[in-house]
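Please treat every number below as a calculation from the coordinates, not as lab data. Owing to the predicted nature of the structure, the values given are computational and were not obtained by experimental measurement. Quick reminder, even Gly has a Cβ in these numbers, built from the backbone with ideal geometry, and neighbours come from all protein chains shown.
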Amino acid sequence: MVDVQDDGWWFCLRHDEVEQGKGCPNSQRLGPYPDRETAARALNIAARRNEAWDEDEENEGDR
C-alpha cells in the first residue's frame, strides 16, 4: 500500500500548510481536496464535520 498519493491538494497537519502531490505521509495530512483554497480550509471543514457528527449522535440517543 502506498502511503503518499501524487495527486490532489492536501493540508499537512505536521507543517500546518497546504501541499500538492507528494508530500508528508497521508496519515499526517487531510485530503485530498480539489484545489488549494479548499485544502487551506481543511481544519474548518473537519471541525464542521465533527460538529455535525456529534449532533447526529446526540439525536440518535433521543430516539
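Below are the figures for this structure:
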item	result
Amide hydrogen neighbours beyond the local backbone of Glu17, cut-off 5 Å, H modeled	Cys12
Given charges at Cβ of Lys, Arg, Asp, Glu: the chain dipole, positive-most of Phe11, Gly23, Asn44	Gly23
Using alpha carbons only: equivalent-ellipsoid semi-axes of the chain, gyration tensor based, whole Å	28, 13, 9
Residue exposure sequence - Leu13, Leu43 - by fewest surrounding Cβ within 10 Å	Leu43, Leu13
Note, ³J(HN,Hα) from phi for the stretch 12-24, Karplus 6.51, -1.76, 1.60, rounded to Hz, x at Gly and Pro	7, 6, 6, 9, 6, 8, 7, 10, 10, x, 4, x, 5
Distant-in-sequence amide H partners of Cys24 (H built 1.01 Å from N, under 5 Å)	none
Dipole magnitude of the stretch 9-61 about its Cα centre (Cβ charges: Lys, Arg +1; Asp, Glu -1), debye to nearest 20	540 debye
